[in-house]
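Undergrad: One structure, pasted below without further comment.
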Amino acid sequence: MIWVWILIAAALTAGGIFWIGKLPAVSRPLAGAAIMLGLAGYALQGSPSLAGKPVAKAAESEGFGEALTDRQQGMADRFGPAAQWIGMSDGFMRTGKTELASQALEKGLEKYPDNVDLWVGLGNALVAHGGGVMSPAAALAFDEAAKRDPSHPAPPFFAGLAMAQSGDLKGADAVWSQLLARSPAGAPWRPDLELRLSQLREAMGPVLPPETQAAP
């Protein structure tokens, strides 16, 4: 049955080229040969008799919790002076243009050098640009954010996420544990933080008492 549809498609293609497209007569033999070559190639390499086999899409995960749908986790000021720069950066991030995302936030920091949200956004963009690894530049951005406002939840949250993704599970556990201890019960980021911290500790495995860790 698939050959019927292939021949129909070939006929429609030829009709479109020869008549609708008004291809010059001298070029028609070459176009016809191209169509026949395509049919011959499918006949040699195609497998129309095989049954279809849908392939499940691989799950996307950022590790230690569900993927971030809100990169700021309700921690950023959506209407403050940093909003336009964060929105621009998020737009670049969604299309994979992580370098442009970083540059947009750097421009914003030139105008608002003490804005915590911009420093956190820059840290996130630099982590994404580094393939999910906490680079020295990203760590510096999170540190700068924490210096501006030590009580702000975003710097330790995203710094811990970058640590976990980079393999520093103990460092992430320490940072997230401190953040959880000072997070109000109704904080919008707390459920996500608890989930990630739980999965992080599961990945770390049971912590053995000091006496059992010593070498024999």
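Undergrad: Can you tell me which residue among 104, 174 is without any contact (Cβ under 8 Å) to a residue 60 or more places away in the chain, surrounded by fewer than 24 Cβ atoms within 10 Å (Cβ to Cβ) and in a helix (DSSP H, G or I)?
TA: Of 104, 174, the one residue that is without any contact (Cβ under 8 Å) to a residue 60 or more places away in the chain, surrounded by fewer than 24 Cβ atoms within 10 Å (Cβ to Cβ) and in a helix (DSSP H, G or I) is 174.
Undergrad: Moving to a separate point now. Out of curiosity, is residue 136 surrounded by fewer than 23 Cβ atoms within 10 Å (Cβ to Cβ) and either at pLDDT below 90 or more than 21 Å from the chain's Cα centre (by Cα) (or both)?
TA: No: the conditions fail for residue 136.
Undergrad: Let me ask something else about it. Given the options 77, 90, 114, name the one that is at pLDDT below 90 and in contact with a Lys or Arg (Cβ under 8 Å, 6 or more places away or on another chain).
TA: The conditions single out 90.
Undergrad: For residue 152, only one of the following conditions fails: (1) touching a residue at least 12 places away in the same chain (Cβ under 8 Å); (2) assigned to a helix (DSSP H, G or I). What is its number?
TA: Of everything listed in (1) touching a residue at least 12 places away in the same chain (Cβ under 8 Å); (2) assigned to a helix (DSSP H, G or I), residue 152 misses just condition (2).
Undergrad: Go through the range 169-197 and report how many residues are within 23 Å of residue 133 (Cβ to Cβ) and over 21 Å from the mean Cα position of the chain (by Cα).
TA: The qualifying residues number 9.
Undergrad: Let me ask something additional. Any residue at all in the range 101-109 that's under 25 Å from residue 84 (Cβ atoms) and hydroxyl-bearing (Ser, Thr, Tyr)?
TA: The answer is yes; a qualifying residue exists.
Undergrad: Answer yes or no as to whether residue 134 is within 21 Å of residue 93 (Cβ to Cβ) and outside any helix (DSSP H, G or I).
TA: Answer is yes for this residue.
Undergrad: Identify, from the list 196, 201, 182, the residue that is within 24 Å of residue 118 (Cβ to Cβ) and out of contact with any Gly (no Cβ under 9 Å at 6 or more places or on another chain).
TA: Numbers: 196 fails: out of contact with any Gly (no Cβ under 9 Å at 6 or more places or on another chain); 201 fails: within 24 Å of residue 118 (Cβ to Cβ).
So the residue among 196, 201, 182 that is within 24 Å of residue 118 (Cβ to Cβ) and out of contact with any Gly (no Cβ under 9 Å at 6 or more places or on another chain) is 182.
The values are calculated or read from the model by the stated rules, or taken from the named source; none is laboratory data. Not measured: the values here are computed from a predicted model. Positions of Cβ are generated from backbone atoms using ideal geometry, with glycine treated the same way; all protein chains shown enter the neighbour counts.
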